[in-house]
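Everything below concerns the one structure shown next.
Derivation of every value follows stated rules applied to the coordinates shown; laboratory data play no part. Just so you know, these numbers come straight off a predicted model, no measurement behind them. Neighbour counts are summed over all protein chains in view; Cβ atoms, including those assigned to glycine, are modelled from backbone coordinates with ideal geometry.
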Amino acid sequence: MTASKVELPKKPGIPGAIIFSLVFAFVLTVVTMITVEFSLTEIFSNFGRRNLVADGLLNPDFGQILSERSLSAFIETLQLAVLGTVLGGGMSMFMAYWATEFGNPIRWLRAIVRTFNNVVRSIPDLLWALLFVTAVGIGILPGLLALFFFSMAVVTKLTSDTLDGIDMGPIEAAKASGSGLISMLRTAVIPQILPSYTSFVLYGFELNLRASAVLGLVGAGGIGSRIEFFRSRGDWSEVWGLVLMFFLVVFLVERFSVTIRRRLV
Amino acid sequence: MISFKNATVEYQPGVKAMDNLNLEIKEGEFVVVVGLSGAGKSTLIRTINNLVPLTSGELYVDGEAVHDLSRKKMRALRSRIGMIFQGFNLVDRATVLQNVLMGRVFKLPTWRTVFGVYPKADQQIAAKALDRVGMLDRAYSRATDLSGGQRQRVGIARALAQEPKVILADEPVASLDPPTSHAVMQHLQKINQDLGITTIVNLHFLDLATAYGERVIGLREGKLVFDGPGSECTEEVFEGIYGRSLTAEDTLSEEA
Amino acid sequence: MSELTLPKKAIDWFRNITTLAIVAAVVWSLIGLEIKWERLIDLPADLFLIGTLMFGNLDIADFPNLAGAMWESISIAWVGTLIAALFAIPLSFLAAENLVGRPIAWVIRQVFNILRAVPEVILAIALIPIFGLTPLTGVLAIGIGSIGTLGKLFYEVIESIKKNPLEAADAVGANKLVRFRWGVLPQVMPEMTSFVLYRFEVNIRASAVMGLIGAGGIGNDVALALRFKDWEVAGMGLLIVILGTILVDAISGAARKQIIKGSNAKLPSAVEV
C-alpha cells in the first residue's frame, strides 16, 4: 500500500458572526463602563464607609406592622397586584388571540395589535404609573391602570408566542361543529395552553407585586408612599422594616405560585 | 339531503380541486369516497360544511344553500353536521367526557361552556354517545392516555353528541391498524343503520371501500369518475379511478 | 331509552380550593380598593390631552440630550447585567445539585431567592445615600438585583444537562477540568448567554425606572419634564424610551435566536425570569 498523504478538508474558520459578536460585546462593555463612570475604587470605598442605610438594615424596625397606615398600605399593595394581574391577564388572552394568524387573519390588523403590544411593553411599569398619575392625578386608579397595561402586554407576548405553536386540530373540530368564538377558545384553545398561560399570569403577578410596592413612590398607591415617607426622614430602620416584611410576602407568594405551577403540569 | 350542482373549487387559478361536480346524496345513505391523494376527496368533504368554500356552483345541504349562507346560519348548519378527522383532533389535556361535550357547545349558552357547567340532559346525550362507541367507562380518562382507536371512537362520540343529520369522516382510519380500522368502520356503519344519519367517508384503503361502501364515489383530478355500489368495485374499476395499477399500499390487509 | 349513569368522578380538591382562593382574592381586592370608577370616564379625554401636549410639538433640539440619557440607561443596564452574570455564574454552579451537595445548593438557592425578591428600585433607594445620585448607583442596583434571577435560571440549566457528553469525556479518560470544559460548558453556554441577554432586555426597563428616582438615565429627564410640565421634552423622552427599548429588544432577541438556533437548545421560557 502506498503511503500517500491524506489531505484534511479545509478547516472552516470560526464563523464570522461569532467573532463579530464577541468583539461587539467587548467594545460595548468598555464604552458603557466609561459612560457610567464605573470605578471599582468608588465601590469599595463607599461600601466600607459607615452609613445610615446599613445601620438601618442591621436594625430593622418591624413595628410598622402594627401601624394602621402601613398595614393598610400593605394590603393596598397586595390588592392592586391581584386586581391588576387578573384584569391584565384576562385581557391578554384575547389580545394574544388577536395577535395570531388563526385568530386574526387580517394582516394589518394583526400588525397593529402586535405593535401596540410591543409599545406598551417597552414602557416600564413605573413610567406608566407616572404617566397615569400625570393624566388622572394621584391615587390608586393610576396605579391599577399602570399594572393592568404593563402586565397585560407582558403576558400577551408570552401567550401569543405559545399560541403560535398549538395544535390546530381541536380548533378545526370546534369550527366544524359550529362553535362560536368564546366557546372555541374555551374548549379548544385554553385547555392546550392552560399550564403555560397560568405560568405566564403568575409571572405577571410577581412582576405586578414588585411594581405595586414602588408605585407609591410616584403617588400611585401602595406601600411605596410609606417607604418614601420614612426614607425622606432618614428613618432607615423603618424603611428596612417595611421592605423586609414585603420580602416575606413576595417570598410566600412565590412559593405558592411554584406549587401551583407544579400541580398544573 | 346533499346536492352538488356544477360545483367547482379552485384553490389557485388553473388548479381545480373540485371540477364541475354534480352529485346527489339521499338521506340515510352510507357513501365512501375514493381517489388518489389530491384527487379532491378532502375538498369534497370540507365543502359540505363550508370549511372550504365553493369557487362557483351550488351546494345544498339539509335544505340550506351552503354557497350563500350567513355566518350565523353556517354555524347552525355545522352544528347539524358531525365531523371525524384523521388526526382525531381531540383536546389532549381534556377528559374524554369534556371532549365529547364539545359537540353540545352550539346548542348551549356560552356561559355554560365557559364555566364547564353542562345540564344533565346534555350530559346524558354525551353519555349515550360514549356508550354507543363503548367508551363510557373511560369518561374521565385524559385523551392523551388513549390508544389511536380509542381516540377515534371518542371523536365519533363527539360527532354523535351533536345529534347530527350528517356525519363526515375524513380518512378516519388512515392512522390506525387493520383490526382497529375495521372496528371503527363498523361503528360508523352501525350508527348509519341504527340512526339513519347520512354518512360520507373518505378512504384510501380500497378493500375497506369495497367492504363498507354501500355506494362508492370515485374522484380523479376533482372530477366524478365513478358512482356505484361497492359490490361493483373490482380491481379494474379502481384502476380506472386511480388511473394507474394498484399497489400493496392501496389495501389495508390481506384478510378483510 | 333509560338513563345512563356516568362513572363516578373523583373530586379535584386542589383545583377547587385554588380556584376558590383566587376568586376570593379578586373579590377582596375589588371591594377593598374602593376604586373611584367614575374617574375612568375622564380617562380617554385626559390621555388624549396629555398625548397632544407631549407629542404635538416635538422639538428635534431635545433629541441629542435625551438620546444621550437613553444611552446612559442602556449602559447602566448592560454593565449591571454583566456584573450580575459575573457573580451569578460561579454561584449557580454551587447551587446545582448535580455538582455540589444538597445542603450547599440549598443555601445558595435561598440567597438567590432573597435577592430575587428585591425590586431594583428599592435597592436603588437604599444605595443612593451611599453612592449618591450617580449612574453607578443604578448599575449596582441592577447588578445586585439580577444576581438572584440569573442564578436561578443558570442552576436550572446546569441541572438539566444531559449525561452523555460527560460519559464520553469520562470514557476517554479526561480529568475534571477537561470534563467540565467539554462536557458541561458547551451544553450550558448557549442558554446562559441567552438568559443574560434576556435579562439585559428586562433591565433596560428597570434602568429607565431608576432614572425616575434619580439614579441616572433617561427616567430622570422624563420625570423632571413631567413635574415641570415641560411637555415636549417629556414626549420626546417617552418616544426615545419606546424606540430605544424596542431597538434593544429586537437586537438582543435576534442574537438570542441565533445562539439558540446554533445550539438546538429550547428557547428559554421567560417565565422563571
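Every test in (1) among the hydrophobic types (A, V, I, L, M, F, W, C); (2) free of Cβ contacts under 8 Å to residues at least 24 places away in the same chain; (3) surrounded by 15 or more Cβ atoms within 10 Å (Cβ to Cβ); (4) facing chain A (nearest Cβ under 7 Å) is passed by C:PHE14 save one, and that test is (3). When region A:36-57 is filtered for residues that are free of Cβ contacts under 8 Å to residues at least 24 places away in the same chain, among the charged types (D, E, K, R) and more than 7 Å from chain C (Cβ to nearest Cβ), the ones remaining, listed by number, are A:ARG49, A:ARG50.
Of the helices (runs of 4 or more DSSP H) lying entirely inside region A:171-265, those containing at least 2 residues that are more than 14 Å from chain B (Cβ to nearest Cβ) and in contact (Cβ under 8 Å) with a residue 60 or more places away in the chain are A:190-215, A:224-232, A:236-264. In region A:159-170, the qualifying residues are those that are within 11 Å of chain B (Cβ to nearest Cβ) and not in a helix (DSSP H, G or I), and the one that is nearest to B:GLN162 (Cα to Cα) is A:MET168. Residues in region B:173-212 that are crowded, with 16+ Cβ neighbours inside 10 Å, closer than 21 Å to B:ILE81 by Cβ and not aliphatic (A, V, I, L, M): B:HIS187, B:GLN189, B:ASN192, B:THR198, B:THR199, B:ASN202, B:TYR212.
Right, A:PHE200: hydrophobic (A, V, I, L, M, F, W, C) and in contact with a Leu (Cβ under 7 Å, 6 or more places away or on another chain) or not?
Numbers: hydrophobic (A, V, I, L, M, F, W, C): yes; in contact with a Leu (Cβ under 7 Å, 6 or more places away or on another chain): yes.
So A:PHE200 passes the test.
If you filter region A:119-150 down to residues that are touching a residue at least 24 places away in the same chain (Cβ under 8 Å) and surrounded by fewer than 20 Cβ atoms within 10 Å (Cβ to Cβ), you find that the one that is nearest to C:SER207 (Cα to Cα) is A:VAL120.
Of all residues in region B:213-256 being of a type in the set (Gly, Ala, Ser) and farther than 13 Å from B:VAL34 by Cα, which is surrounded by the fewest Cβ atoms within 10 Å (Cβ to Cβ)? Working first, answer last.
First, pick out the residues of region B:213-256 that are of a type in the set (Gly, Ala, Ser): B:213, B:218, B:222, B:228, B:230-231, B:240, B:243, B:245, B:248, B:253, B:256.
Going one step further and asking which of them are farther than 13 Å from B:VAL34 by Cα, we end up with B:231, B:245, B:248, B:253, B:256.
Values: B:SER231: 10, B:SER245: 10, B:ALA248: 6, B:SER253: 13, B:ALA256: 12.
Filtering first and then ranking leaves B:ALA248.
Considering C:ASN98, C:ASN164, the condition of being surrounded by fewer than 23 Cβ atoms within 10 Å (Cβ to Cβ) and without any contact (Cβ under 8 Å) to a residue 12 or more places away in the chain is satisfied by C:ASN164 alone.
Counting only residues that are farther than 15 Å from C:ILE83 by Cβ and not aromatic (Phe, Trp, Tyr), which one in region A:21-33 is farthest from the other protein chains (Cβ to nearest Cβ)? Give the derivation first.
So in region A:21-33, the residues farther than 15 Å from C:ILE83 by Cβ come out as A:21-24, A:26-27, A:31.
Okay, now just the ones that are also not aromatic (Phe, Trp, Tyr), so A:21-23, A:27, A:31.
Details: A:SER21: 7, A:LEU22: 11, A:VAL23: 14, A:VAL27: 11, A:VAL31: 7 Å.
Result: A:VAL23.
Can you name every one of the strands (runs of 3 or more DSSP E) wholly within region B:1-73 that holds 3 or more residues which are within 24 Å of B:GLU171 (Cβ to Cβ) and under 20 Å from the mean Cα position of the chain (by Cα)? Walk me through how you get there before you give the answer.
Values: elements: B:2-12, B:15-25, B:30-34, B:56-61.
Passing ranges, in order: B:2-12, B:15-25, B:30-34.
Just for region B:139-170: of the residues that are away from chain C (no Cβ under 14 Å) and among the small types (Gly, Ala, Ser), which one is nearest to the chain's Cα centre (by Cα)? Among them, the one singled out is B:ALA169. Number of residues in region B:95-124 that are surrounded by 23 or more Cβ atoms within 10 Å (Cβ to Cβ) and not basic (Lys, Arg) equals 9. Quick check on region A:129-137. Is at least one of its residues out of contact with any Gly (no Cβ under 6 Å at 6 or more places or on another chain) and not in a helix (DSSP H, G or I)? Yes, region A:129-137 contains at least one residue that is out of contact with any Gly (no Cβ under 6 Å at 6 or more places or on another chain) and not in a helix (DSSP H, G or I).
Just checking, how many residues over region C:83-95 are surrounded by fewer than 22 Cβ atoms within 10 Å (Cβ to Cβ) and touching a residue at least 40 places away in the same chain (Cβ under 8 Å)? Please lay out each step first, then the result.
From region C:83-95, those surrounded by fewer than 22 Cβ atoms within 10 Å (Cβ to Cβ) are C:83, C:86-87, C:89-91, C:93-94; that's our starting set.
So of that shortlist, the ones also touching a residue at least 40 places away in the same chain (Cβ under 8 Å) come out as C:83, C:87, C:89, C:91, C:93.
Matching residues across region C:83-95 total 5.
Per-residue answers, yes or no, for (1) in contact with an Asp or Glu (Cβ under 8 Å, 6 or more places away or on another chain); (2) within 11 Å of chain A (Cβ to nearest Cβ); (3) not in a loop (DSSP other than H, G, I, E, B):
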{"site": "C:TRP37", "(1), (2), (3)": "no, yes, no"}
{"site": "C:ASP42", "(1), (2), (3)": "no, yes, yes"}
{"site": "C:TRP71", "(1), (2), (3)": "no, yes, yes"}
{"site": "C:ALA96", "(1), (2), (3)": "yes, no, no"}
{"site": "C:VAL100", "(1), (2), (3)": "no, no, no"}
{"site": "C:PRO129", "(1), (2), (3)": "no, yes, yes"}
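The set of residues in region B:173-227 being part of a loop (DSSP other than H, G, I, E, B) and over 22 Å from B:SER245 (Cα atoms) consists of B:VAL173, B:SER175, B:LEU176, B:ASP177, B:GLY196, B:ILE197, B:GLU214.
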